[in-house]
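*Asks:* Mind having a look at this structure? Questions to follow.
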Amino acid sequence: MSVDGTRLFDLALPEALAAAARRVTGLAGQEIDTPTVKTKDGVNLVGYFTDNGVPTIECASGYKPSLEEVALEVLRLELRGGQTEQYMPYSEMRHEMNRRLCTSLFRTVEQEVLLALSQSHGVASRGALQKRLLADFLEPLQAGKYRSGDLEPARTRLGSLDGLELLISYADNIESMNLLQQIAACDPAMASQLAVMYRVVQNNRPFDDSRRIRDAYYLSVPFLFDTRKPATPKVVVAKKKPKKAAKKAARKKKA
C-alpha cells in the first residue's frame, strides 16, 4: 500500500475506498500487508487480520486482482474491525477441509453487506462478481463440467457455496430464485443444500448488524454439512411359517 493510502496492488483507489483503507491502517496501527501465496480452493484474494493483528490481503501468485476484488477485501477488513483469525467463528473447526469450507461460507455471508458497501464507495463489485460466477460456476455446471474431478461430498459442498455466492450477488430475489431453478435442473442435490442456506440468509435480512452475519453463518453450517443419502427401499424378507401352523392351514383347506 502506498504511503498516502491511495494505491493497493498497483491500483489507484477511489477517494472513498482509500479513506476506508486508511481507517483500517489507523485502527491496526500498521499498513495493509499484501503477501503473495499459493491459491487455495480457487480463491485468489483473501482479506483478514492475522493473529498478531496485521491487516492482510493475500494474493495468489501470478494473479493480478481487479479494483472490484480489492474493494471487497478492503471493506471486509473494515467490517471486521480488527478481529483476528483466531477469534473468527470458522476457527472452531478442527479439520482443515471443514475449516476452509466454513471460511468460505462466512466470507460469502459477509458479501451480503460488502457488495452494497462497495457500491456506496464508488466501485461496482456486484456486476464483476456476477460475471465471474456465471462463467466459473453456472456455465460449467450446465455443461456437466463443474469440478468433474472432485469426489463427493466435497463437490456438492463447494458447489453449494459457489451457488450461494451467486444468489447473494443479486439484489433482486426473483432473479436469485430463477438462478436457483437453473442450478436445480443441473444438480438437484446441490440445489437442495443451496436452497436451505439461501433461505437462512433471506430470513436474516436486513444485515444491519454484524451479529446477523454470525447468526446466518451458524444457522447455515449444519446444512452445508448435511450429506444425507437418498432413501433406499427396505427389503422385507417373509418369515417361514412354523410347521404346525402350516399343517393346520392345510387341514382347513381340505375341509
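The values are calculated or read from the model by the stated rules, or taken from the named source; none is laboratory data. The model shown is predicted, which means the values in this text are computed figures rather than measured ones. Methodologically, a virtual Cβ is constructed for each residue, glycine included, from the backbone with ideal geometry; neighbour enumeration extends over all protein chains shown. With ligands, DNA and RNA removed, areas are computed over all heavy atoms of the protein, side chains included. Shrake-Rupley method; radii C 1.70, N 1.55, O 1.52, S 1.80 Å.
*Asks:* Pairs needed: first member in region 60-81, farther than 13 Å from residue 113 by Cα and of a type in the set (S, T, N, Q); second member anywhere, open to solvent by 10 Å² or more (accessible area, probe 1.4 Å) and part of a helix (DSSP H, G or I); C-beta distance under 8 Å; at least 6 residues apart or different chains.
*Replies:* Short answer, once both residue conditions are applied: 66/128.
*Asks:* Can you list the helices (runs of 4 or more DSSP H) found entirely within region 156-255 that contain at least 2 residues being open to solvent by less than 70 Å² (accessible area, probe 1.4 Å) and at pLDDT 90 or above?
*Replies:* Counting at least 2 such residues, we get 173-186, 188-203, 210-224.
*Asks:* Restricting the search to region 94-135, which residues are more than 23 Å from residue 20 (Cβ to Cβ) and open to solvent by less than 40 Å² (accessible area, probe 1.4 Å)?
*Replies:* 101, 102, 105, 133
*Asks:* Working only within region 136-154, note down all residues that are part of a loop (DSSP other than H, G, I, E, B) and either open to solvent by 30 Å² or more (accessible area, probe 1.4 Å) or in contact with a strand residue (DSSP E or B) (Cβ under 6 Å, 6 or more places away or on another chain) (or both). Steps first, please.
*Replies:* Start the filter on region 136-154 by keeping residues that are part of a loop (DSSP other than H, G, I, E, B), which leaves 143-153.
Once the filter is applied, which keeps residues that are part of a loop (DSSP other than H, G, I, E, B) and either open to solvent by 30 Å² or more (accessible area, probe 1.4 Å) or in contact with a strand residue (DSSP E or B) (Cβ under 6 Å, 6 or more places away or on another chain) (or both), region 136-154 yields 143, 144, 145, 147, 148, 149, 150, 151, 152, 153.
To keep it simple, each residue is scored yes or no on (1) over 22 Å from residue 150 (Cβ atoms); (2) under 17 Å from the mean Cα position of the chain (by Cα).
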site: 166; (1), (2): no, yes
site: 170; (1), (2): yes, yes
site: 175; (1), (2): yes, no
site: 179; (1), (2): no, yes
site: 196; (1), (2): no, yes
site: 202; (1), (2): yes, yes
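*Asks:* Can you run down the residue pairs with Cβ atoms below 6 Å, 6 or more apart or on separate chains, where the first is in region 23-51 and among the small types (Gly, Ala, Ser) and the partner is in a strand (DSSP E or B)?
*Replies:* Correct list of pairs: 28/55; 47/57.
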